């Protein structure tokens, strides 16, 4: 077969969609992905952005025989026929899918005189994966760790980028200065930097989610939630690599606080977030005072109390950020930090806010003890 097409809204494209495209590549010399604009649907991303995401996802697989086209104002089956494509390919996950897709294929052929449809059945691990399934996962703490399992990396990055944009604009409406700082913090100079293996966009999203869910569960004031989120946006804005150490020994947290103050995003209430940013110097931020300090530190250290798989991925990411250290130096330094945190957990001070202590204190101690055992011995 020379050509075959795969069509859909693809908002977002999932690993299930990618599997169907891979199957199509086994059947035809060329695969065309047709992205439709359906006025009945309200996608998260406009069609042009969806096209870009799909193109990046395809390029990431090295699929040179796959192209992407937008279809506007036409039925995809009829458009495919016009493009010289005789067959569409669709994934069928269950009998409901078959009944629906069979009706569509009959209409495509009998009414529209368009391309016929070939059906393929995905493997069991992709049987429940769809765009609507992925969209439904968004919201609770840790949702991003779940959805990234079901979509290619470019789609995941676009998805969390859109979530972060909405979070940002809930604090600072769009404008020249606001847009500049959003790009600065999410780009290569900030959390989107190539050396940010843990202190990255995922960490930023996790902390903001923790704060939002804390506020929802404790009836916290809008002002407190916003102050914490403003600080969290900037708390790791500056993270110097191994070549970035300066003789003045000014901490990254102090530099991040200075960046926040210089941004002038909230001149009327800048000192509070600055104090919270300074407080996240966990081994030296004790002097920073703020009534929300315990909550800020709780959101920042919430990663320590996550499920084993999430914690282990975090530990690997931290090691990658310290790749400049040899194994012995890293193991010794990491174990010292973790023992300090273990002592705090035993003393009930790792999470000073009762909300976070109740959620994470016990599991954090368990996780850190396990990691230390793998580094050099007992906690």
### Query
Just a yes or no: is a residue in region 194-203 at pLDDT below 95 and surrounded by 13 or more Cβ atoms within 10 Å (Cβ to Cβ)?
yes
### Query
Conditions: (1) in contact (Cβ under 8 Å) with a residue 60 or more places away in the chain; (2) in a loop (DSSP other than H, G, I, E, B); (3) under 20 Å from residue 10 (Cβ atoms). Residue 140 meets all but one. Number of the miss?
(3)
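From the set of residues in region 257-281 that are in a loop (DSSP other than H, G, I, E, B) and in contact (Cβ under 8 Å) with a residue 12 or more places away in the chain, which is nearest to residue 294 (Cα to Cα)? Steps first, please.
Keep residues of region 257-281 that are in a loop (DSSP other than H, G, I, E, B), which gives 264-266, 270, 280-281.
Imposing the further condition that a residue be in contact (Cβ under 8 Å) with a residue 12 or more places away in the chain reduces the set to 264-266, 280-281.
Values: 264: 25, 265: 24, 266: 22, 280: 10, 281: 13 Å.
Only one residue tops the list, namely 280.
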### Task
May I ask you to list pairs of residues, at least six apart or on different chains, whose Cβ atoms are under 6 Å apart, with the first in region 43-54 being under 11 Å from residue 10 (Cβ atoms) and the second being exposed (fewer than 15 other Cβ atoms within 10 Å of the Cβ)?
47/70; 51/70
### Task
Scan region 175-192 for residues that are free of Cβ contacts under 8 Å to residues at least 12 places away in the same chain and in a loop (DSSP other than H, G, I, E, B) and jot them down.
175, 187, 188, 189, 192
### Message
When you scan region 357-378, do you find a residue that is modelled with pLDDT under 95 and under 27 Å from the mean Cα position of the chain (by Cα), even just one?
### Response
no
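Assigned to a loop (DSSP other than H, G, I, E, B) and surrounded by 15 or more Cβ atoms within 10 Å (Cβ to Cβ): does that describe residue 288?
On the way: assigned to a loop (DSSP other than H, G, I, E, B): yes; surrounded by 15 or more Cβ atoms within 10 Å (Cβ to Cβ): yes.
The answer is yes for residue 288.
Can you name every one of the helices (runs of 4 or more DSSP H) wholly within region 2-98 that holds 3 or more residues which are surrounded by fewer than 18 Cβ atoms within 10 Å (Cβ to Cβ), in the same structural domain as residue 118 (by TED's automatic domain parsing) and at pLDDT 90 or above?
Details: elements: 15-27, 47-60, 76-82.
Where helices (runs of 4 or more DSSP H) fall fully within region 2-98 and carry at least 3 residues being surrounded by fewer than 18 Cβ atoms within 10 Å (Cβ to Cβ), in the same structural domain as residue 118 (by TED's automatic domain parsing) and at pLDDT 90 or above, they are 15-27, 47-60.
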### Message
Against the condition surrounded by 18 or more Cβ atoms within 10 Å (Cβ to Cβ) and modelled with pLDDT of 95 or more, how does residue 313 come out, does it pass?
### Response
no
### Query
Residues in region 103-120: is at least one outside any helix (DSSP H, G or I), in contact with a helix residue (DSSP H, G or I) (Cβ under 7 Å, 6 or more places away or on another chain) and touching a residue at least 60 places away in the same chain (Cβ under 8 Å)?
yes
### Candidates 346, 319, filtered to the one that is assigned by TED's automatic domain parsing to the domain that holds residue 238 and over 28 Å from the mean Cα position of the chain (by Cα)
346
### Checking residue 119 against (1) loosely packed, with under 14 Cβ neighbours inside 10 Å; (2) more than 26 Å from the chain's Cα centre (by Cα), the condition it does not meet
(1)
### Query
Looking only at region 298-313, which residues are outside any helix (DSSP H, G or I) and over 14 Å from residue 371 (Cα atoms)?
301
#### Entry: Odd one out for residue 220 among (1) at pLDDT 95 or above; (2) surrounded by fewer than 21 Cβ atoms within 10 Å (Cβ to Cβ); (3) in a helix (DSSP H, G or I)
(3)
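The values are calculated or read from the model by the stated rules, or taken from the named source; none is laboratory data. Values in this document were obtained by computation on a predicted structure and should not be read as measured data. For neighbour counting, all protein chains shown are included, and Cβ atoms are generated from backbone atoms with ideal geometry for every residue, glycine included.
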